[in-house]
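Structure, as structure tokens:
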Amino acid sequence: MLKYISVANSLKEYIEHSNLKQGDRLPNVLTLAEDYNTSKTTIVKALEILKADGLIYQVQGSGNYARLPKRTGYINFQSNLGFTTNLHEENLSSQSVSVTSIAADTELAEQLQCAVGTPIYHVERTRTMDGKILCLENSFFNANLIKYLNQEIAEGSIFKYLTDVLDISIGFSDKFFKVRELTDYEAGKLALTAGQPTLDAHEVFFTNDGIPFDYSSNVYHFENADFYLQTQQK
């Protein structure tokens with residue numbers, strides 16, 4: 001994992017677990033560089049990640065300050081680190097987990113920028129939070145990049161496995177949203193009725209080098225899923 005990403009992750013944990021309030025000032029760049037035994041450039045790059053994730057705001061000539069914490073149970077659509085990181089304080093679990101090996105069809109080949117027929121891991125999970133169904137998740141991983149994936153791994157945090165075990169640096173993602181009606185299959189998985197509304201969020205995840213490795217669809221339970229998004233002027 002790149003140093004500035006590791007520092008950013010550590011700073012995120014510090015901000016989220018230190019009970020900082022809106023407007024609390026973080027240590028300056030020089031102090032952080034000394035604390036993490038790294039360069040000021042690395043700290044600046046790490047702070048840019050925190051700013052993009054809505055955890056801090058920067059005042060020119062003054063420093064970096066904490067933003068208001070997120071509402072409990074709300075999904076952050078700015079995050080690209082997966083549900084387990086996003087909702088780490090909630091009782092998040094996976095049910096009806098299946099992992100199958102398939103070959104990429106035309107759509108998957110286009111989304112993952114690979115050849116038709118490329119081996120793919122298809123993971124389907126029903127995600128629950130505090131005992132309530134949150135969404136039906138279907139993820140498609142390029143098996144040429146994600147060399148191994150099984151049900152035991154899929155029952156936990158896949159992204160933690162990717163970063164900690166496979167040493168994959170997750171860079172960014174593209175998200176696409178559509179409000180539509182549930183199919184019969186989706187309704188059965190969500191304990192709803194076909195034709196009821198859902199938010200279908202499609203996302204393509206890229207490594208730090210810009211290589212797509214995961215194409216996912218999350219079909220959300222309209223009664224149990226809440227979202228938030230922070231904005232800032234460029």
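The values are calculated or read from the model by the stated rules, or taken from the named source; none is laboratory data. None of the values given here were measured: they were computed from a predicted structure. In this analysis, Cβ positions are derived from the backbone assuming ideal geometry, glycine residues included, and neighbour counts consider all displayed protein chains.
With A201, A194, A187 as the choices, which residue is part of a helix (DSSP H, G or I) and at pLDDT 95 or above?
Working: A201 fails: part of a helix (DSSP H, G or I); A194 fails: part of a helix (DSSP H, G or I).
None of the other options fit; the residue is A187.
Of everything in region 138-159, what is part of a strand (DSSP E or B) and surrounded by fewer than 20 Cβ atoms within 10 Å (Cβ to Cβ)? Give them in sequence order.
N138
On the given criteria, is L162 assigned to a loop (DSSP other than H, G, I, E, B), buried (at least 18 other Cβ atoms within 10 Å of the Cβ) and either in the same structural domain as K45 (by TED's automatic domain parsing) or not acidic (D, E) (or both)?
It is false that L162 is assigned to a loop (DSSP other than H, G, I, E, B), buried (at least 18 other Cβ atoms within 10 Å of the Cβ) and either in the same structural domain as K45 (by TED's automatic domain parsing) or not acidic (D, E) (or both).
Do you know which of the residues in region 91-117 that are surrounded by fewer than 18 Cβ atoms within 10 Å (Cβ to Cβ), assigned to a loop (DSSP other than H, G, I, E, B) and on the phi < 0 side of the Ramachandran plot is modelled with the lowest pLDDT?
N91
Restricting the first residue to region 129-155 and requiring it to be assigned by TED's automatic domain parsing to the domain that holds E186 and at pLDDT below 95, which pairs with a second residue that is basic (K, R) and outside any strand (DSSP E or B) meet a Cβ separation below 7 Å and a spacing of at least six or different chains?
none
Within region 6-58, which residues are part of a strand (DSSP E or B) and under 25 Å from the mean Cα position of the chain (by Cα)?
Scanning region 6-58 gives I56, Y57, Q58.
Which numbered condition trips up D184, out of (1) surrounded by 19 or more Cβ atoms within 10 Å (Cβ to Cβ); (2) of a type in the set (D, E); (3) more than 18 Å from the chain's Cα centre (by Cα)?
D184 satisfies every listed condition except (1).
What are the residues in region 142-171 that are within 27 Å of D184 (Cβ to Cβ) and either in contact with a His (Cβ under 8 Å, 6 or more places away or on another chain) or charged (D, E, K, R) (or both), if any?
Within region 142-171, E155 is the sole residue that qualifies.
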